[in-house]
Amino acid sequence: MQRGTFQLMKTVNRSLILNKIRIAAPISRADIAKETGLTPPTVSIIVKELIEQGLVEESKLGSSSGGRKPTMLHIRTDELFVIGVDAGPGTVDCILTNLTGEMLGIVSYPLSVHTNSEFLHQVVKAIQQLLDRHSMQTEQIIGIGVAMHGVVDAKTGVSLVAPLLGLHNIPIKQELEDRFSIPVKVDNDARAMALGESWFGGYDMQDSMVAVNIGRGIGAGIIIGGKLFHGAAGLAGELGHMSIDPNGEKCACGNRGCLQTLASGPSIAHRARMASGEAVYHAARAGDEDAQIILEKTGQILGIGLVNLIHLLNPDRIILGGGVMESAAFLLPSLKEEIASRALTDQAAQTEIMVSKHGNRATALGAVALQLVDLFAPV
């Protein structure tokens, strides 16, 4: 066997073992071997390396069926950390987590900016305050993940178009790496949210899913076989700019009648003549029939958009998140009715539709997952 092939196999095995510990902890070496199909010596050698690297540690002894009690393994949570940034458009939210995604702290600032430098200054300020508040040294942070609305070049870490902020070509990765000397990954907010749902939602990593982020804008992240799908030019998932009414209102992207102009938070507020989508939700909860009707209609419109998504991608499930989903009780019945009436087959009509378990922290957790994927993935 050539050395390169051996090294690749070892890397794949390391990933297999590390992910098994992450998902199934506490778990013994013997159970890892049994569940992965790897030999016990291979498992022992790689676990030893993971312990030496500070990624895995041993815990209390497990139960025994007669022999010696096995030592249990789990991901170490007291040495290495990740920062996740949900960068706008309304606020910049920074969270600190350990390697299992447990949130240890948060810093949040209103985001009101007019230039790239103002935006970057606010993000740097929030990250620095998070580090200071928790007395963190940069050596303890394995990486910073940034979830950004609009069109993002994930390879270069540049925000190409941030329409809701009116900004272009923001060098997020370069600026943050220069400032903190920590590896930085940047991606679209909906794609980050999708990765976070796949990573922390307890689903089969090989499932296909779409996560739809519905707030001031609307975007989708697509997971196929456990991996993010970006598309040929990084535009995959721009669901909010699907044209629903070609003669409709003008969108921030310049086109007319985009889904975003009909079902985002600002569009809901505009139709209800209220200050915000949140105000519409509170009015609906208080019994305002007009507000309830507007939210039900919004659910229908979202249902139309999601049916198109189902017919195009046929995912195992669709997960809905973002601020607008605070109104899920009013949106979901009409949304699901629209899907049931328009889907081509009974199976398509039964596509699992669910609200994110992580609420308004789903996107920031997704930003954390951008870094963890590199740590846990084989290549």
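The values are calculated or read from the model by the stated rules, or taken from the named source; none is laboratory data. Fair warning: this is a prediction, and the values are worked out from it, not measured in the lab. Positions of Cβ are generated from backbone atoms using ideal geometry, with glycine treated the same way; all protein chains shown enter the neighbour counts. Only protein heavy atoms, including side chains, enter the accessible area calculation; ligands, DNA and RNA are left aside. Shrake-Rupley method; radii C 1.70, N 1.55, O 1.52, S 1.80 Å.
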Amide hydrogen neighbours beyond the local backbone of residue 146, cut-off 5 Å, H modeled: 85, 185, 186, 187
Karplus (6.51, -1.76, 1.60) ³J(HN,Hα), θ = phi - 60°, over the stretch 16-26, in Hz, Gly and Pro reported as x: 4, 5, 4, 5, 5, 5, 4, 7, 10, 4, x
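Give the accessible surface of the chain per residue, rounded to a whole number of Å², with probe radius 1.4 Å and ligands, DNA and RNA excluded. Kindly include the intermediate steps, with their values, before the conclusion.
On the way: 17820 Å² over 379 residues.
On a per-residue basis, 47 Å².
Let me spell out the model: positive unit charges on the Cβ of Lys and Arg, negative unit charges on the Cβ of Asp and Glu, origin at the Cα centre of the stretch 204-356. What dipole size does that give, in debye rounded to 20?
So the magnitude is around 420 debye.
Looking only at GluC sites (Glu not before Pro) in DSSP loops with at most 15 other Cβ atoms within 10 Å, what is the longest site-free stretch of the chain?
For GluC sites (Glu not before Pro) (loop position, at most 15 other Cβ atoms within 10 Å), the longest site-free span of the chain is 103-248.
Scan the stretch 231-277 for trypsin sites (Lys or Arg not before Pro) in coil per DSSP, keeping those whose Cβ has at most 14 other Cβ atoms within 10 Å, and list them by number.
273
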Between the stretch 246-316 and the stretch 84-127, how many Å separate their Cα centres? 27
Amide H contacts under 5 Å for residue 167, restricted to residues at least 5 apart in sequence or on another chain and with H modeled in the peptide plane, are 162
Sorted by chain and number, the residues with a modelled amide H under 5 Å from that of residue 92, at a separation of 5 or more or across chains, are 109, 111
Contour excess over end-to-end distance, with Cα ends at residue 250 and residue 357 and 0.36 nm allotted per residue: 35.2 nm
Before anything else, pin down the relative contact order of the stretch 178-335: Cα pairs under 8 Å, at least 6 apart, normalised by residue count, whole percent. 21
Using +1 at the C-beta of Lys and Arg and -1 at the C-beta of Asp and Glu, which of 96, 221, 23 has the Cα lying farthest in the positive direction of the dipole of the chain? 23
Phi to ³J(HN,Hα) by Karplus 6.51 cos²θ - 1.76 cosθ + 1.60 over the stretch 222-232, Hz, x for Gly, Pro: 10, 10, 10, x, x, 10, 5, 9, 9, x, 5
Cα gyration tensor of the chain, axes a ≥ b ≥ c as square roots of the eigenvalues: rounded (a/c below 1.5), prolate (a/b > b/c) or oblate? prolate
Can you list the lysines whose alpha carbon sits under 16 Å from that of residue 125, skipping same-chain ones fewer than 8 residues off? 173
Only helical DSSP H runs with n ≥ 4 go in: add -39500 (n - 2.57) per run for the chain, normalise by residue count and round the 222 nm mean residue ellipticity to 500 deg cm²/dmol. -13500 deg cm²/dmol
For residue 344 and residue 316 in the same chain, what is the full-extension length gain: residue separation times 0.36 nm, less their Cα-Cα distance, in nm? 8.5 nm
List the lysines whose alpha-carbon lies under 17 Å from that of residue 69, not counting same-chain residues fewer than 8 positions away? 34, 60
Please compute the length gained on full extension between residue 35 and residue 138, using 0.36 nm multiplied by the number of residues separating them and subtracting their Cα-Cα distance. 33.5 nm
If Lys and Arg each add +1 and Asp and Glu each add -1, what is the summed charge of the other residues whose beta carbon sits under 15 Å from the beta carbon of residue 184? -3
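Roughly how many percent of the accessible protein surface of the chain is carbon and sulfur, given a 1.4 Å probe and a whole-percent answer?
Here it works out to 51 percent.
Run the numbers on the stretch 269-379 and let me know its relative contact order in percent, using alpha-carbon pairs under 8 Å that are six or more apart. Provide the component values of the computation, followed by the final result.
Values: 111 pairs, mean separation 28.5, N = 111.
Across the stretch 269-379, relative contact order equals 26 percent.
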In the structure displayed, which of 48/227; 227/357; 336/357; 185/227 lie more than 22 Å apart, Cα to Cα? 48/227
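Would you please classify the overall shape of the stretch 328-379 from the alpha carbon gyration tensor, given that a ≥ b ≥ c denote the square roots of the eigenvalues, rounded means a/c under 1.5, and beyond that prolate means a/b larger than b/c while oblate covers the rest?
oblate
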Once you keep just the Cα pairs under 8 angstrom separated by 6 or more residues, what percentage relative contact order results for the chain? 15
How large is ³J(HN,Hα) for each residue in the stretch 175-185, as worked out from phi by the Karplus curve 6.51 cos²θ - 1.76 cosθ + 1.60 (θ = phi - 60°), to whole Hz, x for Gly and Pro? 5, 6, 5, 5, 6, 10, 6, 10, x, 10, 10
